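Encoded as structure tokens, the structure appears first; notes follow it.
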Amino acid sequence: MTYVRNTWYVAAWSHEIAVDQPLATRVLNEPIVMWRDSTGRLAALADRCLHRLAPLSLGRCQGETLRCRYHGWLYDHAGRLIEIPGQAQMPASGLQVRVYPVVERYGWVWVWIGEPARANAELIPPLVGIGHPDYEFDYGQLDYAAEARLITDNLLDLSHVSFLHTESFRMSEIWARARPKLTEQERGIRSERWVRNEGPMGELNATNRVDTYFRCDFFIPGVLLMSARAYPVGTAAALSDAQPPQFSSMEEGFTTQAVTPMTDRTARYFYMMGWPRGRVDQASRDATRVIYEKGFAEDQRMIEAQQRSIDASPAARFMSSSADQGVVLFNRLVEKLARQELAQ
Ligand code: FES
Ligand SMILES: [Fe+2]
């Protein structure tokens, strides 16, 4: 699998990592421990003690340090070994476990997997997430037994909505038959489309019809912000399918999501649904969440089955259609950035 390394991956929710409670995860096969010291400062280290390679995530926090629970070697937040119990003389200086640059933003913990010297917080995509004063959020996550790439491919080709999400989003075949407008960006792609004369999400055959404008900004390494806004039927035709003037993506709810490759065959899918603060009642939010989570379960069932099918026939190849254009553009960008990294 090809993935960009010099980029930020969502490794956890900020609120998951409490003081004194180290949390283990994996990103691109690398075991990582994230922990918060007594000052609230967050650190991410290779989850492997230098002594006998026991996981540091089983260790205990002591003030601003982390002590391996096996034989007690002590580390600081930069991963430096600062004490071996009972041994006055420390080994040669500079001994440390690998440290990963880490940033908390949008309610997530972002970890930089590539060369630490290249870590640049400005490369965290411009999303809207937990902590934004104007919005409130519902959120959750799913663990997949599938490669992350299959999940990002799914999110980049929404023609599947018409066929896979018949029990959840319940939208017509316009999703499968019309093609979105795609715009390449430096580290992602934007996909926009009008869906004309449809009922609200989850209400196929509804009589209260609208034209809906959808926009999805999809960023390296697999992070997206998707929003939609409804307009009176006829708006799309009047605008010749152009972007509505003053399109503010955030007024009617949106979703922010991240797909993180954990191993070659596992991935974690983080999602939040954002709402303008105080403007949407809890019952509507709950109803939307139920539809979304039903949809996510439909995706997961299909993608995990797809992974098993792929693994059963490793020589078989994908065949693309015009609906895969977003997938092709995005994966080309991933390949390009990954090639640049190798060349550097
Ligand atoms: S394995 Fe960590 S101190 Fe021995
Ligand atoms: Fe889906």
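The values are calculated or read from the model by the stated rules, or taken from the named source; none is laboratory data. None of the values given here were measured: they were computed from a predicted structure. All Cβ positions, even for glycine, are placed from backbone atoms using ideal geometry, and neighbour counts span all protein chains on display.
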**Study point:** Output for the range 66-77, where each listed residue is within 12 Å of ligand 1 (Cβ to nearest atom) and either surrounded by fewer than 18 Cβ atoms within 10 Å (Cβ to Cβ) or part of a strand (DSSP E or B) (or both)
**Key:** LEU66, ARG67, ARG69, TYR70, HIS71, GLY72, LEU74, TYR75
Exercise for review: Please indicate, with yes or no, whether at least one residue in the range 151-162 is within 14 Å of ligand 2 (Cβ to nearest atom), under 30 Å from SER57 (Cβ atoms) and of a type in the set (Val, Ile, Thr).
Suggested key: yes
Revision key, fill the gap. Checked against (1) among the aliphatic types (A, V, I, L, M); (2) in contact with a helix residue (DSSP H, G or I) (Cβ under 6 Å, 6 or more places away or on another chain); (3) part of a helix (DSSP H, G or I), LEU155 satisfies every condition except (2)
**Study point:** Filter result for ARG60 (in contact (Cβ under 8 Å) with a residue 24 or more places away in the chain, near ligand 1 (Cβ under 10 Å from one of its atoms) and closer than 27 Å to THR260 by Cα)
**Key:** no
**Study point:** Residue, nearest to the chain's Cα centre (by Cα), within the range 81-101, restricted to residues that are closer than 19 Å to ALA24 by Cα and either surrounded by fewer than 18 Cβ atoms within 10 Å (Cβ to Cβ) or within 11 Å of ligand 1 (Cβ to nearest atom) (or both)
**Key:** VAL99
Practice item. Inspect the range 54-65 for any residue being under 30 Å from LEU150 (Cα atoms), at pLDDT 95 or above, of a type outside the set (Val, Ile, Thr) and surrounded by 15 or more Cβ atoms within 10 Å (Cβ to Cβ) and give the result as yes or no. Key: yes
Check your understanding: Under 7 Å by Cβ, and 6 or more places apart or on different chains, what pairs join a residue from the range 225-254 that is at positive phi with one that is in a strand (DSSP E or B) and of a type in the set (Phe, Trp, Tyr)?
Key -> ASP241/TRP194; GLY253/TRP275
Review point. Just to be sure, is LEU150 of a type outside the set (Val, Ile, Thr), assigned to a strand (DSSP E or B) and under 30 Å from MET319 (Cα atoms)?
Key: no
Point to revise | One residue from GLU293, GLU251 being modelled with pLDDT under 95, out of contact with any Leu (no Cβ under 6 Å at 6 or more places or on another chain) and closer than 23 Å to MET171 by Cα | key: GLU251
Check your understanding: For the range 1-61, which strands (runs of 3 or more DSSP E) that fit wholly inside it have 2 or more residues that are more than 24 Å from the chain's Cα centre (by Cα)?
Key -> none
Revision key, fill the gap. Checked pairs for the range 31-45, first under 15 Å from ARG67 (Cα atoms), second of a type in the set (Phe, Trp, Tyr) and assigned to a strand (DSSP E or B), C-beta under 8 Å and 6 or more apart or across chains, list as ALA43/TRP35; ALA44/TYR100; LEU45/TRP35; LEU45/TYR75; LEU45/TYR100
**Study point:** Residues being surrounded by fewer than 19 Cβ atoms within 10 Å (Cβ to Cβ) and either over 27 Å from VAL4 (Cβ atoms) or within 16 Å of ligand 2 (Cβ to nearest atom) (or both) - total across the range 165-195
**Key:** 8
Check your understanding: Among the residues of the range 37-53 satisfying the criterion of being more than 18 Å from GLU83 (Cβ to Cβ) and buried (at least 21 other Cβ atoms within 10 Å of the Cβ), which is nearest to ligand 1 (Cβ to nearest atom)?
Key -> ASP47
